[in-house]
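Reviewing the structure listed below.
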Amino acid sequence: MTLTTDLFVRMCREEWRLHEELFGSRRFAALPVVVFLLVLGGFELLAATGTDFGAVVAGLHGLVFFLGLQVGTIGLVGRDALRDVLGDVTLLVFSARTLPVSWNRLLAVFLVKDLCYYTAYFVTPLSLALVPSALGAGVAVPRILLLWLTLVGAFGLGTAASLTLAGVATRSKPLVIVLVAAVVVAIFAGRVDVVAYTPYALYAEPSSLAAARGFAPAIVLAVVGPLLFRPVEGRAQRTSPERFTRLRGLLRDDSGLTTRPLLDVARSSGSVWKVLFSMGVLFAVTALLLRQIVAATGLQPSPGIAFGTLLGLGAFTTYSWVTQFDASAEYLRYPVSMATVFAGKRRAYLLLSVPAGLVYLVLAVVWYDPLSLAVGAVVLPLVAVYVFGVTAFVAGLSPTELLFDTARFVAFGAALAALAVPLLVAALVYPVAPTATLVGSLAVAALGAVIGLALTTRAGPRWERRLRS
């Protein structure tokens, strides 16, 4: 067995043991089954409503690509967060100093491991759930197999692109924003057929040219990303008392529970730039999906409702970052209630996520009517408040466990879908009844915010009881 193969096998084993220790082997192993059942129900519902199968496939490629982007942000989260979450543990991907292997090879093997791992745990269950709808739409079995391949490719493209941008960020953070902005401009300008350079192009129009052109960017980025990435040496960072006091005074944060997470994010790998980057990725994916919907159906969805909803949902990553250095038990040592802790976290979360989302709404004015985007400026913070409340209630200060704890994943996904589905449907049917849809969307988003506030209020006592018991 070669060294690279041995590293791959050991990384896969490490991944399983890590999640088995966190969640238990049965709950972790049940996750693909739960994903399959949930997605199967969603696809059957779409088929029952007469949604075009081609539109479903296009949207699924976009969602899988976005999942890959999120997974690839391991480079932005950094070793500092993993150390705080896992304690005194060194993962193989961070073992270049102690193993006779280069950092670039370790990162490349890690990328392949993640591709295989998430293909088995997420992409394959998604593909299997689509089979009944595909057969019902008259899709041949070979084409269904091709669909699985292009979905894997879309995930790989997202992961490789995200890791490449993370590599660029280790050399020049402003350049990341420039590159993301360039992609967004290319999408909206329409001068470059961006979809033709994605694996989806192979499914849409199978040919050797589509295969080469669609998979080439993923392969190139998978090679370039590890080469660009420059590991940042871990070093202790301290915040001067003057800086902390100045920011706390500016925010009128007597307890310091808002100031602390803001400074934690600023000092972590990627700093506050990663919030803007994460929102930018979601903005670009949403823009691409809107263009595909217009091309496939001729409908003109409401960009304000669509951007506001999806950017608000994307604020979940910001929640992860404002809680990434927290251990719930530490707050039991201080004369402060968990309700106060969550209130401080919520304020920091909103100060980071909402302005970042609004930046992209302002940018969208270049391509969309400002009045049609205005509703997004209202929907975005309301949805963000709902996301915070649901996450705080379901996951507490450990949101990263949601992905792999089956029970929490189901509860969290159902709660988000309860708000997201009506708003996204409203965005699609907006041309049919603009006024009613607009009023209904604002009412749903406002109701979601009220529920989010109520859940946040309940989250503090709930987790405090669990900690003390």
Members of region 367-379 that are more than 26 Å from S320 (Cα to Cα) and either crowded, with 16+ Cβ neighbours inside 10 Å or in contact with a helix residue (DSSP H, G or I) (Cβ under 7 Å, 6 or more places away or on another chain) (or both) | W367, Y368, S372, L373, A374, V375
Among the residues of region 208-227, is there at least one that is more than 18 Å from H61 (Cβ to Cβ), of a type outside the set (A, V, I, L, M), at pLDDT 90 or above and surrounded by fewer than 13 Cβ atoms within 10 Å (Cβ to Cβ)?
-> yes
Determine whether region 341-353 contains at least one residue that is of a type in the set (D, E, K, R), farther than 29 Å from S441 by Cα and buried (at least 17 other Cβ atoms within 10 Å of the Cβ).
-> no
Of the listed residues (A420, A445, A427, A459), the one being assigned to a helix (DSSP H, G or I), closer than 30 Å to L332 by Cα and in contact (Cβ under 8 Å) with a residue 12 or more places away in the chain is A459
Taking region 354-366 and keeping residues at pLDDT below 85 and crowded, with 23+ Cβ neighbours inside 10 Å leaves none
Looking at region 380-388, is at least one residue surrounded by fewer than 17 Cβ atoms within 10 Å (Cβ to Cβ), modelled with pLDDT of 80 or more and out of contact with any Gly (no Cβ under 7 Å at 6 or more places or on another chain)?
-> no
Residue in region 393-410 that is modelled with pLDDT of 90 or more, at negative phi and outside any loop (DSSP other than H, G, I, E, B) present | yes
Of all residues in region 304-324, which are surrounded by fewer than 24 Cβ atoms within 10 Å (Cβ to Cβ) and under 15 Å from A449 (Cβ atoms)?
-> L313
Filter result for the condition that a residue is in a helix (DSSP H, G or I), surrounded by fewer than 16 Cβ atoms within 10 Å (Cβ to Cβ) and touching a residue at least 24 places away in the same chain (Cβ under 8 Å), over A154, A120 | A120
Read through the list (1) closer than 23 Å to G42 by Cβ; (2) part of a helix (DSSP H, G or I); (3) touching a residue at least 12 places away in the same chain (Cβ under 8 Å), then give the number of the only condition that L165 fails.
-> (1)
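The values are calculated or read from the model by the stated rules, or taken from the named source; none is laboratory data. All figures in this text were calculated on a predicted structure; none of them were measured in a lab. Every residue, glycine among them, receives a Cβ derived from its backbone with ideal geometry; neighbour counts consider all protein chains shown.
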